[in-house]
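One structure below.
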Amino acid sequence: MNLDRESLDFDIVLIGAGPANLALALHLQRLIESHNSNEKTTLEPAIAILEKGGYCGAHLLSGAILDPAILETFMPDFRQRGCPIEAVIEKESVWFLTPRKKFTIPYLPEPFKNKGNLLISLSRFGGWLRDEAEAAGITVLDNTAAAKPVIEHGRLTAIITDDKAVNREGRPKPGFEPGIRLNARAFVIGEGARGSIFKSLDSTFGLQPAETVQTYETGVKEVWRIPAGRINPGTIHHTFGYPLQPSVYGGGWIYALSDTELSLGFVSAAEPGNPNVDPHLNLQRFKEHPLLRSLIEGGTVLEYGAKAITSGGYHAMPELSGPGFLLTGESAGMLNMQRLKGIHLAIESGVMAAETLFRSLVDNDFSDRALSKYRDRFEGSSARKELFKARHYRNAFNQGLYSGLMNAGIQLKLPGLNLAAATTANEKHLVPGRKEYSAFLNSKASFKPDQSITFSKSSDLFSSGTRHEEDQPCHLIIAKEKINEICSKRCAMEFGNPCQHFCPAGVYEIDLHAIPILKLNPSNCLHCKTCDIADPYGIITWTPPEGGGGPAYTLS
């Protein structure tokens, strides 16, 4: 459609209302207010935050453990301001699980220690930051997806927001509203892992380092209400081993938010070279372990969700700035897999980006050189120090669990040494017709959810609150010829159509007797973006659906 779009002008537009961009907006607002109270020339920039979810926090999901050190400096009175802290961590352990038993790791290295850190609901935390931002006079536009970047003269100059009320065929429905063109002097991309705007900018500007491929995991989570007396608030456990094969990276968590509320989840590698992984099934198998069963039996699932996790670390970080934009949070690779934390790094990235943009406002300079000062700030930051120290952790596991544990242990003693530095991700994928692939299918077929401890994808999906406008264009872009060439032939023979396994929401269904063999259920989508990551042929492109659609997290 050729549309006559409304155009609005801003100084700064922030894409994504996660902790990074909300912290950025708050810190920038304080810097501006301080400047205006002390200088004759005042700053009155027009700033807006775009959030594709129905509200801030609707699409935010994490374990979640927060290192409070950044809040102590960013917002020293965060407790007095009502920051939603579920519990302070008092007890922790790491377990190796076999199908029936657990073995406690007797010594916790420093990077794994969490005592004194905070257990939070990232969704609640995001909602609290939004309230703080709006109280400070910051404009937050929820139900608004950034659909398309506008590149002019080699620079990001505008963002087109999503069209409202368009039917499946792409034609306007009653109440149709075309998306708006938002012009700005600078944009901040904080979409989380593998965002669509980031992907487009990476394609244009080559942000990702050519020598290092970014890696991702899929985290799947349930929040439970359990009978009191089984676990103390502030108790956390991390696990590895069961139910994964040694060739697959991942592990589980158990966080006691209170004596009756439990966050539990499982992380599975999302690898195009080894895509036959079912993150949802891994979580269900995890709960079948006697240890988990004893905790949650008789309880109730309150919420379910999933998200991709950026895990490549320091060497896989993209360029932090480009012509007309900055990257924050997971879009910038700010996540430490060694510590299993990223919220504090996201907030710190927002603070550094705010200071960069403030300087640009004062100097009236949004040139590439001015925005690149963000990278300079990062190089001198505690975030850089932390990420650099853990730079080899994730790729130590590329050749499997046991060699990874050995390499990770060596790195803790000798941080600069990495025996796995030259290795690549495990690409010994399950091939249809071989016994390993048959065993994988047999394991899936043998899983019968009891709807008490374990659940089907559709049952769990209901607990996510996911809703989409049904009559809209499919936001999962796959060319029809690719379905015929790849899905029906190559992928069926080489991988066995892993999309039907790796999606934690049942979006992809394969029927080998139908034409086409692939059926999409886009209204199930949890916006985790696993499909865009784990597709071995790269033919699936995730784009944001109409703003306001997707999960409706309140606890995750």
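With r defined as the distance between the Cβ atoms of residue 213 and residue 96 and R0 fixed at 35 Å, what FRET efficiency is calculated, to the nearest 0.05? Don't skip to the answer; put the middle values down first.
Details: r = 29 Å, r/R0 = 0.82.
That pair, residue 213 with residue 96, gives E of 0.75.
Could you check how much of the accessible area of the stretch 70-114 is carbon and sulfur, as a whole percent, using a 1.4 Å probe?
57 percent
Could the peptides 230-243, 374-387, 258-271 be put in order, highest first, of the mean number of other beta-carbon atoms found within 10 Å of their residues?
Descending mean neighbour count gives 258-271, 230-243, 374-387.
Enter the accessible area of residue 440 (Å², nearest 10), with the probe set to 1.4 Å and all protein chains included.
Per-residue accessible area (residue 440): approximately 30 Å².
Arrange the residues 360, 321 by how much accessible surface each exposes, largest first, with a 1.4 angstrom probe.
321, 360
Quick one: compute the contact order of the chain, relative version, from alpha carbon pairs under 8 angstrom and 6+ residues apart, as a percent.
20 percent
I want to check the label-to-label distance for residue 72 and residue 477. Put each point 7 Å from Cα in the C-beta direction and report it in nm to one decimal.
4.6 nm
Using a probe radius of 1.4 Å on heavy atoms only, what accessible surface per residue do you get for the stretch 181-269? Whole Å² is fine.
In whole numbers, the stretch 181-269 has 31 Å² accessible per residue.
Can you give me the accessible area per residue for the stretch 421-556, using a 1.4 Å probe, in Å²?
On a per-residue basis, the stretch 421-556 sits at 48 Å².
Over the stretch 118-173, what relative contact order in percent results from Cα pairs under 8 Å that are six or more residues apart?
Here the relative contact order equals 19 percent.
Please give, to one decimal in nm, the separation of the simple spin-label points placed at residue 435 and residue 43, each 7 Å out from Cα toward the Cβ.
It works out to 6.6 nm between the two label points.
Would you kindly state how much longer the chain becomes between residue 452 and residue 365 on full extension, computed as 0.36 nm times their sequence separation minus their alpha carbon distance, in nm to one decimal?
Difference between extended and current length: 25.4 nm.
Given a Förster radius of 22 Å and the C-beta distance between residue 177 and residue 134 as r, what FRET efficiency does 1/(1 + (r/R0)^6) yield to the nearest 0.05?
It comes out at approximately 0.40.
Taking 0.36 nm per intervening residue step and subtracting the Cα-Cα distance, what contour gain separates residue 490 from residue 382 on full extension?
Length gained, residue 490 through residue 382: 34.2 nm.
Could you tell me the accessible area of residue 181 in Å² (1.4 Å probe, neighbours in place), rounded to the nearest ten?
Approximately 60 Å² of residue 181 is accessible to the 1.4 Å probe.
Using label points projected 7 Å from each Cα along Cα→Cβ, tell me how many nm separate residue 372 and residue 6, to one decimal.
Simple spin-label model gives 3.8 nm for this pair.
Roll a 1.4 angstrom probe over the protein heavy atoms and tell me the percent of accessible area of the stretch 461-556 that is carbon or sulfur.
54 percent
Can you give the extra length, in nm with one decimal, that the chain gains between residue 36 and residue 232 once fully stretched, where that is 0.36 nm per residue apart less the Cα-Cα distance?
Full-extension gain reported as 65.7 nm.
Using a 1.4 Å probe, what is the accessible area per residue for the stretch 1-81, in Å²?
Working: 3640 Å² over 81 residues.
Per-residue accessible area for the stretch 1-81 comes out at 45 Å².
How big is the chain by the Kirkwood estimate over distinct Cα pairs, in Å?
Averaging 1/r across every pair of different Cα atoms and inverting gives 24.1 Å.
With every protein chain present, what accessible area does residue 102 have (1.4 Å probe, heavy atoms only), rounded to the nearest 10 Å²?
Only protein atoms counted, so the area is about 90 Å².
The values are calculated or read from the model by the stated rules, or taken from the named source; none is laboratory data. Computed from a prediction, not measured in an experiment: that's the story for all the values here. Virtual Cβ from ideal backbone geometry, glycine too; neighbours counted across all protein chains shown. Note: accessible area is taken over every heavy atom of the protein model, side chains too, but ligands, DNA and RNA are not part of it. Shrake-Rupley method; radii C 1.70, N 1.55, O 1.52, S 1.80 Å.
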